[in-house]
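Down below is the structure, laid out as structure tokens.
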Amino acid sequence: EHVAVEYGKGPQAHRAVDGVSLALATGEIGALIGPSGCGKSSLLRAIAGLQAIAQGQISSGGQIISTPADITAPEVRGVGMVFQDYALFPHMSIARNVGFGLAHLPRPARQERIAEVLQLVGMADLAGRMPHELSGGQQQRVALARALARKPSVLLLDEPFSSLDAAMREKLAQEVRSILKAAGSTALVVTHDQHEAFAMADRIGVMQAGRLEQWDSPYQLYHQPATRFVAEFVGDGVLLPVQLQAAGATGEAGAAGALLQTPLGELTLSPQQAAGHAPGQALSLLLRADELVLDAASPLQATVSQVQFRGGWQLCSLQLACGQSVLLQTSSLRPLQVGQSVQIAA
Ligand code: ADP
Ligand code: MG
């Protein structure tokens, strides 16, 4: 609640996290995304108890674990952490790596727990191997098993897949979600990759310059961005300049709904959508690349100015007659060419 993290003291202090509030329910997976340097790792370290906070408080299971005056030590607060660089002990077998934090258990219980978590991450067959005998993705699964072995109340993962290649990252993100759900873990993962966040998380937070712009379900984040920053950061789309016009003769936008004048033509808004906006007001309309379609029957013409191949689909920049650019996502089975004229509908 209202957490701030500062580096340095006095007037030189730099506020890396600025008044962030969020909550994760037991068993939920959260993700934090945002540009480099926006404070994701600082917030994660504060939650881990590795970083003092300058303002606010952090609690877990109803217990306050951080205030500006006092922090519960990391080993006492029951958090597990997984970092980007596996951090396995190179001279220890996989089984010994996973058992490292379990010295408090009697040997049979320890062996049982090691076997259980290695099974969970699909690495049971490789328990006797050494870390250098595993691929990057396998090593990261072992690191996850090691963190899960102690049954942390919250698992914190900081860019856990960023040293892996793109194809491996997406596959592992899906897998890790299944593993965490099977273990019933509560987890918060930091990533700079929104696709990874979409693949893993029940809730996603978008940070910018130390502030949490939105903390919401992936669906809401994509379709109901709370701020202009979130709208532009998440997904592919453009913000179009539009003007609001009253629909009725009354001149009141709220009463009968309203019309939006957009570069794509007129759009009718419901009274709820129009509420709070005055006729004549200049607004921005978020148009997602997947909200436009090719439509040979449409009078709306555009020229293809750029095509990005994305595998099964292509992301195309189109220029409207008025000069405005929009984005179109379409199947790559029908390739579009730069300079081609197309008809589109929203
Ligand atoms: P992110 O993980 O989103 O990339 P960080 O939390 O690492 O962001 O950093 C947020 C800001 O705090 C950055 O401006 C960074 O330079 C600064 N910062 C991070 N760690 C320290 C530190 N130990 N000392 C001083 N400044 C730091
Ligand atoms: Mg970071």
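The values are calculated or read from the model by the stated rules, or taken from the named source; none is laboratory data. Keep in mind it's a predicted model, so treat the numbers as computed, not measured. Every residue, glycine as well, gets a Cβ built from its backbone with ideal geometry; the counts of neighbours run over all protein chains shown. What goes into the accessible areas is simple: the full protein's heavy atoms, side chains included, and nothing from ligands, DNA or RNA. Shrake-Rupley method; radii C 1.70, N 1.55, O 1.52, S 1.80 Å.
With the charge dipole of the chain set up from +1 on Lys and Arg Cβ and -1 on Asp and Glu Cβ about the Cα centre, the Cα lying farthest toward the positive end among the listed residues A48, P131, P263 is that of P131.
Charging the Cβ of each Asp and Glu at -1 and of each Lys and Arg at +1, and nothing else, the dipole of region 165-309 about its Cα centre rounds to 280 debye. Tally up the carbon and sulfur contribution to the accessible surface of the chain as a whole percent, 1.4 Å probe, everything protein left in place. Carbon and sulfur together cover 52 percent of it. Magnitude of the charge dipole for the chain, about its Cα centre and with charges confined to Cβ atoms of Lys, Arg (+1) and Asp, Glu (-1), is about 980 debye. Dipole of the chain computed with +1 at Lys/Arg Cβ and -1 at Asp/Glu Cβ about the Cα centre; of Q111, I64, S331, farthest Cα towards the positive end is Q111. Hull volume per residue, based on the alpha-carbon atoms of the chain and their convex hull, is 189 Å³. Can you pull the one-decimal nm distance between simple spin-label points at A282 and R334, each 7 Å off the Cα toward Cβ? Result for the modelled spin labels: 3.6 nm.
A straight line joining the Cα centroids of region 159-209 and region 305-346 runs 30 Å. Residues in the chain average 49 Å² of solvent-accessible surface per residue, probe 1.4 Å, ligands and nucleic acids excluded. Once you order the gyration tensor axes a ≥ b ≥ c over the Cα atoms, which shape class does region 194-346 get: rounded for a/c under 1.5, otherwise prolate or oblate by comparing a/b with b/c? Oblate, since a/c reaches 1.5 and b/c is not below a/b.
Adding -39500 (n - 2.57) for every DSSP H run of four residues or longer, then dividing by how many residues the chain holds, sets the calculated 222 nm ellipticity at -7000 deg cm²/dmol.
Remark: spin-label model distance K171-D125 equals 1.4 nm, labels positioned 7 Å along the Cα→Cβ axis.
In straight-distance terms, cross-link reach from K151 covers every one of the lysines whose alpha-carbon lies under 22 Å from its own, apart from those fewer than eight places away in the same chain; here that gives K181.
Taking only the alpha carbons of region 1-135, we obtain Rg and Dmax values of 18.4, 56 Å in that order. Under a model in which nothing but the beta-carbon of Lys, Arg (+1) and Asp, Glu (-1) is charged, region 227-346 shows a dipole of about 220 debye around its Cα centre. Where a Cα-Cα gap under 22 Å defines reach, which lysines qualify for K40, not counting those fewer than 8 residues away within the same chain? Reachable lysines: K9.
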